[in-house]
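Colleague: So that we are looking at the same thing, I have put the structure below in structure tokens.
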Amino acid sequence: MSSRIIAGIDFHRPADEVARLLIGTVVLVDGVGGRIVETEAYDREDPASHAYSGPTERNFAMFGEAGHAYVYRSYGIHWCLNFVCREAGHGAGVLIRALEPLEGLDAMRARRGLDDARTLCSGPGKLCAALGVTRVLNGHPIDSEPFELRPRAGRIEVVAGPRIGISKAIDVPWRFGLAHSRYISRPFR
């Protein structure tokens, strides 16, 4: 298996490892975005994962090549952005839950209709609305336009805890965040 290294991260690694490594990485979509401060990992062996029951029309991108986007609607309302991990056919990914906005704040504010930078991207649906992410990007490689990923700079402290908004495998500590960030969606316990 060849590696798929983007922003210094090998996306062929297990989703929980990639989710931790993504904290502090900068992601932009058409020049709009910021530092990833919260992620969640999902794997085919995980009953909370969309991949658990195998490939479907909705989740086919999650079974694709590592380093691609998996974009889906949550509750039929909000778009959610995931980065695919592991080898093609496995079915694993990392949900990008929250960003610290850094670039394109005017565009984010216009798309979200609010001014508070702390709440622009403090949840997966808010993040996608602020960055303009839709199903059009499903299956798109995250190392080519409109995406741009930059490696994290400096040392950071990552915290972990249970994932949010799921009903299965609720105690699995696969939610990761930047310690002391005021941009996460919910505090870590």
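Colleague: Grab the DSSP H runs of the chain that are 4 residues or longer, score each as -39,500 (n - 2.57), total them, divide by all residues and round the 222 nm result to the nearest 500 deg cm²/dmol.
Modeller: The helix-only estimate for the chain comes to -3500 deg cm²/dmol at 222 nm.
Colleague: Only four residue types carry charge here, +1 at the Cβ of Lys and Arg and -1 at the Cβ of Asp and Glu. Report the dipole size of the stretch 1-102 about the Cα centre in Debye, rounded to the nearest 20.
Modeller: 120
Colleague: Moving to a separate point now. Fewest to most neighbouring Cβ within 10 Å: what's the order for 126, 168?
Modeller: In increasing order of surrounding Cβ atoms, one gets 168, 126.
Colleague: First select every other residue whose beta carbon is under 11 angstrom from the beta carbon of residue 33; then total the charges, Lys and Arg +1, Asp and Glu -1.
Modeller: -2
Colleague: Binning at 5 angstrom from zero up to the longest distance, how are the C-alpha pair distances of the stretch 84-139 distributed in percent?
Modeller: P(r) for the stretch 84-139, in whole percents per bin: 4, 19, 26, 18, 14, 9, 6, 3, 0.
Colleague: Continuing with this model, one more query. Can you give the alpha-carbon Rg of the chain over 2.2 N^0.38 Å, where N counts its residues?
Modeller: After normalising by residue count via 2.2 N^0.38 Å, the value is 0.93.
No lab work stands behind these numbers, since they all come straight from the coordinates. The structure presented is a predicted model; accordingly, all values stated were derived computationally and were not measured. Cβ coordinates were reconstructed from backbone atoms using ideal geometry, including for glycine residues, and neighbour counts include every protein chain displayed.
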